[in-house]
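One structure is given here, and the rest of the page talks about it.
Since every read-out is calculated from the coordinates, none of them should be taken as a lab result. Just so we're clear, the structure is a prediction, and the values are computed from it rather than from any experiment. For neighbour counting, all protein chains shown are included, and Cβ atoms are generated from backbone atoms with ideal geometry for every residue, glycine included.
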Amino acid sequence: MPAAPRVSPSQLFTPAEWAPFQTRSAWRGPLLVAHCWGIIALAVLAGVLWPILIPLCVMVIGTRQLGLAILMHEAAHGALAKDLKLNDWLGHWLCAVPIGADLGDYRPYHLSHHKYAQNPEDPDLVLSAPFPVTRASLRRKIIRDLTGQTFFKQRVLFAFRAYASKRDEDTAEGAVVTGKSVAPFLIVNAVMLLGLTLAGVWWAYFALWLLPLATWFPLVTRLRNIAEHACVEGSATDAFRAARTTRASWWERAFIAPYWVNFHAEHHLFMHVPCWRLAALHRAVRAKPQGAAMEVAGGYLAVMRQATTPQSAPLVTPD
C-alpha cells in the first residue's frame, strides 16, 4: 500500500521557527466550541424574533454545523484541548453527536485519509476522484443538497446495512451517520426539541436546526470537500500538493469555510498544527521556496470553475 509522501518540519524550518506551531492551547479550542454554539444560539434567537431572517439564519447555522464538524476534526487530531480527556469529550459530545457523528469512528477513518491521501487506499478518494464534472452534474449535486436528498441518503438510507456498501460522494464523508451515532444523535436532538418546546418555540427546532442540517450543511460540506482535494495535479505523489488551500473572503468564512478550514494544504503538510495557527503556517510555508509548489486558489468560486471545467488554468495566485 503506497502511503502519502511526508515532509519533516526540519526540511523547511529551524527549531525556533517551528516552535510556535508545536504548542497546544488549554483554552483556544474550548473557546472555539463556545463561539460556534454562541453563533448558533444567536442565529436561532434572531430567527425567532424576526422570522423574515430565517433564510439567512439557515445559512449561518448550517455553516456553524459544519464548524462543529471542523472542531470534531480538531479533536480527532488531539488539537482541541491540551487535556486529552477534555479534547475527546468536547469533540464527541459538543461537536460530533449533535450533527450525527461519532468521534471514535471518525478518528481512525480520518487518520487513514491522511496516511493514504489521494492514493487508492484513501477512504476519501471518492470525494475528489469524480472531478472535474460538468456544470450540470454539479448543479444536480447542489440541488440534492438543498432539497434534503443528500441528508436523507446519509441519515436514513446509510443507516441500513443493505445500503451502507453503496459508497459515493454523498455518503463517504467521515461525519455521516454510523450505527454507533444514531441513538446519541436522536437523544441530543430530542433534548433540543424539548428545550425549544418548553420555551414556546417548538417550530424553531425544525426551521432553525433541522432545516440547516438537512440543506445548507450538506452543501457547504460538499463545497469544502471539492475545494480540499479535487483537481489538484500531483496530489498523490507530492506532499506540497496533497491538498488545496483556498483564500477565503469574509463572506466565504461566514457562509462556507469557518475556523480556518480553507488552509487545507498546510493541514496535510503538518496535520497536528491546531487550526487557529494555520493562517500563520500558510504565510511561513509560502515564504519558503518549497511553498511555491502548493496549490492556492483565489476563492471558492474559482475552485468551482476549475472543478467543472475539464481543461482549466492553474489556480495558484501570488502572495
Helix 216-229 against the longest principal axis of the chain: what's the angle in degrees, Cα atoms only, rounded to the nearest 10? 10 degrees
Cβ crowding within 10 Å averaged over residues, with 28-39, 264-275, 138-149 ranked highest first: 264-275, 28-39, 138-149
Under-19-angstrom lysine pairs by C-alpha in the chain, whenever the two are 8 or more apart or on separate chains: 5
With a 10 Å cut-off between alpha carbons and a GNM built on the chain, which of Ser181, Ser235, Ser137 moves the most? Ser137
Would you please give the FRET efficiency between Leu49 and Leu111, computed as 1/(1 + (r/R0)^6) with r the Cβ-Cβ distance and R0 = 45 Å, to the nearest 0.05? 0.55
Where the centroid of each part is defined by its Cα atoms, how far is region 248-265 from region 25-99 in Å? 15 Å
Rg/Rh for region 1-89 to two decimals, with Rh computed the Kirkwood way over all alpha-carbon pairs. 1.16
Net charge dipole size for the chain [Lys, Arg +1 and Asp, Glu -1 on Cβ; Debye, nearest 20]: 280 debye
Per 0.36 nm of contour for each residue apart, how much would the distance between Val7 and Met192 grow if the chain were fully extended, relative to their Cα-Cα spacing? 62.2 nm
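How much length is gained on full extension from His272 to Thr309, taking 0.36 nm per residue of separation minus their Cα-Cα distance?
Values: separation 37, 0.36 × 37 = 13.32 nm, distance 3.36 nm.
Here the answer is 10.0 nm.
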At 0.36 nm per residue, minus the direct Cα-Cα distance, what do Phe152 and Ala19 gain on full extension? Give it in nm, one decimal, please. 43.4 nm
Report the semi-axes of the equivalent ellipsoid for region 9-307 in whole Å, largest first, where each axis is √(5λ) for an eigenvalue λ of the Cα gyration tensor. 30, 22, 19
Here the alpha-carbon Rg of region 21-163 over 2.2 N^0.38 Å rounds to 1.21
Using a 7 Å offset from Cα along Cα-Cβ at Ala280, what residues in region 8-41 end up with backbone N under 18 Å from the label point? 9-10, 12-32
With springs only between Cα atoms under 10 Å, which of Phe152, Phe255, Phe185 fluctuates most in a Gaussian network model of the chain? Phe152
If packing is taken as the mean number of other Cβ atoms within 10 Å per residue, what is the order of 118-124, 129-135, 225-231, 243-249, highest first? 225-231, 243-249, 118-124, 129-135
Counting sequence-distant residues (5 or more places) and residues on other chains, those with an amide H built under 5 Å from that of Ala297 are Thr245, Thr246, Arg247
Could you work out how far helix 103-115 tilts from the main Cα principal axis of the chain, as a 0 to 90 degree angle to the nearest 10? 20 degrees
